[in-house]
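The structure appears right after this line, and notes come after that.
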Amino acid sequence: MLRYFTAGESHGEALVAFLSGLPAGLKIDQAFLDRELWRRQQGYGRGGRMKIERDQAHVLSGIRHGMTIGSPIAVQLENRDWKNWQEALPVGEGDPSRHKRVASPRPGHADLAGALKYNFSEARYVLERASARESAARVAIGALAKIFLHELGLDVLSHVVAVGSAAMQEDVPWEKIQALYSQEEILLNCADPEMQQQMKDQVDKVLKTGDSVGGVFEVVAHGVPPGLGTYAQWDERLDALLAAAVMSLQAVKAVEIGSGVTAAASPGSAVHDEIGYGEPSNFTAFTRTRNNAGGIEGGVSNGEEIRVRGYLKPISTLRRPLKSVDFSTREPVNAAYERSDVCVVPAAGVAAEAMVALTLARCALEKFGGDSMGETLRNFQGYCLQLKNY
């Protein structure tokens with residue numbers, strides 16, 4: 001019921017995102033959309049591109065008088081850097097001498113695989129679409145999904161768990177993650193100030209050596225009711241959908257639900273979340289002593305917080321390039337270098353929030369339906385009453 005896709009290149013005129021399926025009558029806050037885009041641009045270790053861009057969501061369709069109207073939503077994000085690339089990447093034929101080739105593929109990037117796939121003689125067009133700049137468009141429509149979910153009492157945020165070898169050891173409660181959202185300056189979006197300084201030291205270290213550093217972010221969905229997703233088919237399981245959504249982000253190489261990694265080396269008695277029964281909470285009177293499952297059992301949300309971690313490899317563009325091969329001569333050379341970031345873990349967390357929100361919004365609409373927000377909310381409230389009476 002909820003469909004979305006993006007278009008645009010890193011140095012093209014604009015990025016465009018399309019979202020279809022949101023119910024009519026959802027109030028949209030433009031300032032919230034722009035703040036989400038601002039959050040994605042922040043973080044210690046970002047490159048020069050973020051000094052150029054000032055991302056703002058320009059809504060082209062689907063929202064009128066501040067409300068969704070049930071038709072597809074199109075959002076445009078201007079690329080301010082386009083003015084520096086108009087002659088290099090024209091839509092028409094242009095002047096071939098102005099083209100800026102990517103002469104040697106970067107290890108870890110899509111450059112070589114993409115050039116081979118599409119039979120390009122070099123990797124400029126691969127870089128343009130494979131770039132993480134595309135994730136800004138996802139954040140724009142992810143913000144719309146967040147607004148929808150908030151109407152159901154569900155919120156999605158992220159925090160940074162690790163940068164390089166500096167890593168948090170304890171789970172971070174929702175309240176601390178929530179407090180990060182209101183900060184006016186985002187360094188590494190870590191809930192522990194001492195650990196954040198250690199993470200900053202990791203970034204400083206690679207800055208000095210011309211290297212890059214990766215890390216781990218965690219996305220937390222708070223207020224999720226039991227019953228989203230299903231075990232009935234492999235491609236409808238909520239954990240599978242979330243894993244695919246987060247893995248689709250540039251540079252993410254692994255995804256974990258709950259304590260999935262450590263659970264693999266632990267006995268079942270130490271992993272599975274024991275069930276109790278007591279005072280009714282938001283949805284039911286069933287209780288859990290812990291949340292190792294990350295809020296999902298058997299592909300279905302169980303009423304606990306959903307916790308998804310993304311493991312981000314270091315950015316593949318290095319100021320001290322690795323060895324590569326020239327596309328034309330096939331001779332050994334250093335890999336190409338373009339202006340780039342050094343650490344993007346906080347920004348990747350914001351992009352992952354968007355993907356988690358879009359996935360949960362899709363599952364919520366599949367369960368509760370509704371062409372208008374009034375209808376969706378009635379259906380949702382009826383389901384909540386069913387849970388209370390279970």
request  = Treating the angle as unsigned and between 0 and 90°, give the value, to the nearest 10°, between the Cα long axis of helix 373-388 and the longest Cα principal axis of the chain.
outcome  = 50
query = About the Cα centre of the chain, what is the dipole size in debye to 20, counting +1 per Lys and Arg Cβ and -1 per Asp and Glu Cβ, all else neutral?
reply = 860
ask   = Under 24 Å from the Cα of K323, which lysines turn up, not counting those fewer than eight places away in the same chain?
value = K100, K117, K205, K208, K253, K313
message = Need the full-extension length gain, S281 to E338, defined as separation in residues times 0.36 nm minus the C-alpha distance. One decimal, nm.
response = 15.3 nm
ask   = Among the lysines, which have Cα under 19 Å from the Cα of K27 when same-chain residues fewer than 8 positions away are ignored?
value = K146
task = Enter the angle in degrees (range 0 to 90, nearest 10) between the Cα long axis of helix 30-41 and the first principal axis of the Cα atoms of the chain, meaning the one along which they spread out most.
result = 60
key: Inter-probe distance in nm under a simple model that places probes 7 Å from Cα toward Cβ, at S266 and L60   = 4.8
task = Please give the contour-minus-distance gain from K27 to F120: 0.36 nm per residue of separation, less the Cα-Cα distance, rounded to one decimal in nm.
result = 29.0 nm
remark   = Contact order relative to length for segment 198-276, counting C-alpha pairs under 8 Å separated by 6 or more residues, stands in percent at 11
inquiry  = Nearest 500 deg cm²/dmol is fine: what mean residue ellipticity at 222 nm does the chain get from its DSSP H runs of n ≥ 4 alone, each adding -39,500 (n - 2.57), divided by its residue count?
reply    = -10000 deg cm²/dmol
ask   = Using 14 Å as the cut-off for backbone N distance, which residues of segment 97-130 belong to the label zone defined by a point 7 Å from the Cα of E331 along Cα→Cβ?
value = 104
message = Explain nothing, just the number: relative contact order of the chain, from Cα pairs under 8 Å at least 6 residues apart, as a whole percent.
response = 23
inquiry  = Give the residue list of trypsin sites (Lys or Arg not before Pro) in segment 48-121 that are DSSP loop and have at most 15 other beta-carbon atoms within 10 angstrom.
reply    = R54, K100, R101
ask   = Listing V220, V102, V91, V344 from the residue with the fewest other Cβ atoms within 10 Å to the one with the most, what is the order?
value = V91, V102, V220, V344
remark   = So, with points 7 Å from each Cα along the Cβ direction, the K323-Q169 label distance in nm works out to 4.0
note = Going fewest to most other Cβ atoms within 10 Å around each Cβ, H58, H222, H109 line up as H58, H222, H109
note = Once both label points are put 7 Å beyond Cα along the C-beta direction, the H99-Q86 separation in nm becomes 2.1
task = State to the nearest 20 debye the size of the charge dipole of segment 255-390 about its Cα centre, where the only charges are +1 on K and R beta carbons and -1 on D and E beta carbons.
result = 400
query = Any idea what angle helix 238-247 forms with the longest principal axis of the chain, computed on alpha-carbon atoms, 0 to 90 degrees, nearest 10?
reply = 20
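Give the order of K176, K200, K208 when sorted by the count of other beta carbons within 10 angstrom, beginning with the fewest.
In order of increasing Cβ crowding within 10 Å: K208, K176, K200.
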message = Looking at the chain as a GNM with Cα springs under 10 Å, which of A336, A57, A88 has the largest mean-square fluctuation?
response = A88
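Just so you know, all these numbers are worked out from the coordinates, no wet-lab data involved. Here the structure is a predicted model, which means the values were calculated and not measured. No Cβ is skipped: glycine too gets one built from the backbone with ideal geometry, and neighbour counts run over all protein chains shown.
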